[in-house]
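Input: a single structure, listed below in structure tokens.
What follows is calculated from the coordinates using simple rules that are stated; it is not laboratory data. These figures come from a predicted structure and were not determined experimentally. FYI the Cβ positions are ideal-geometry reconstructions off the backbone, even for glycines, and counts take in every protein chain you see.
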Amino acid sequence: MNIILLGPPGAGKGTQAQRLQSDLSMVQLSTGDMLRAEMKSGSVLGEQAKGIVASGKLVPDALMVGLIEDRIARPDCAGGFILDGFPRTEAQAQALDTMLEKTGKKLDMVIEMEVDEAALTERVVGRFTCAKCGTGYHETFKRPKVDGICDVCGSTEFTRRPDDNAETMKTRMAAYRAQTEPLLPYYRGKGILKKVDGMAAMDEVYRQIRAVLVGA
């Protein structure tokens, strides 16, 4: 099964994709991670991307689709893939469809994780991570059992992503509404768009996604 998870930054797409990968033997394809890995590998596509990024330009859609095409041809994607972070625009969606048709594959489902913008901003702005083991926390929803000490490894060092702030979230949400929301009618017209409550607890969000995919 091949799917796309849609939702604004901070909606939890990556977390849910990781659970699906473990549970249903699907492969999570984060285009940002793929791009960084390709640039590090020194491949032809990677060198092209490195030059574009170094010049401050956006990586062209054709190159990103080429990366995805190469990746889904590998044996581990035979059981299906989860696209996280791509497509972001209707033009990218059309390019992806063209590539999949050429390679004899198709999208089975596009799942939108619906969110409340104000609540999502609170969720994102309050999160922080253990600098040693990577365990995630939140100022309101998931504080360490003992303030200042990681529950898992006992470290007293924590970190925050520099872009986890209200102003950046406002910019991200505006970009999401302008660019990515037009994907919803595009995929609705193809009859493959489904919605889940992205503001529910993580386990409940996963239950809803799994029910959409496999009916249980």
Checklist entry - What is the chain's relative contact order, in percent, from Cα pairs under 8 angstrom and six or more apart in sequence? => result 27
Checklist entry - Using every alpha carbon pair in the stretch 106-216, what percent of pairs falls into each 5 Å bin from 0 up to the bin containing the largest distance? => result 2, 10, 15, 16, 17, 16, 12, 7, 3, 1, 0
Checklist outcome for this item: Those cysteines in the chain that have no second cysteine Cβ within a distance under 4.7 Å are Cys77
Item to check | Hypothetical label at Arg161: residues of the stretch 21-43 whose amide nitrogen lies under 14 Å (7 Å Cα-Cβ projection) | outcome: 30-33
Checklist entry - Which GluC sites (Glu not before Pro) from the stretch 54-156 combine a DSSP loop assignment with at most 13 other Cβ atoms within 10 Å? => result Glu139
Checklist entry - How far, in degrees from 0 to 90, does helix 90-102 lean away from the longest principal axis of the Cα atoms of the chain, to the nearest 10? => result 60
Checklist entry - Summing +1 for each Lys or Arg and -1 for each Asp or Glu, what net charge is found among the other residues whose Cβ lies under 12 Å from the Cβ of Asp108? => result +4
Item to check | Span from the the stretch 133-162 Cα centroid across to the the stretch 35-59 one, whole angstrom | outcome: 34
Next on the checklist: I'd like the orientation of helix 202-214 relative to the chain: the angle between its Cα long axis and the longest Cα principal axis, in ° from 0 to 90, rounded to 10.
Outcome noted: 20
Checklist entry - To the nearest 10 degrees, how steeply does helix 61-72 sit against the main Cα axis of the chain, on a 0 to 90 scale? => result 80
Next on the checklist: How charged is the neighbourhood of Gln179? Take every other residue with its Cβ under 14 Å from the Cβ of Gln179, and add Lys/Arg as +1 and Asp/Glu as -1.
Outcome noted: 0
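Divide, for the stretch 127-179, the radius of gyration over alpha carbons by 2.2 N^0.38 Å, where N is the residue count.
Against the compact-globule rule of thumb, the ratio is 1.40.
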Checklist outcome for this item: XL table Lys142/Lys195; Lys142/Lys190; Lys145/Lys195; Lys50/Lys142; Lys40/Lys105; Cα-Cα > 32 Å flagged, in table order, is Lys142/Lys190; Lys145/Lys195; Lys50/Lys142
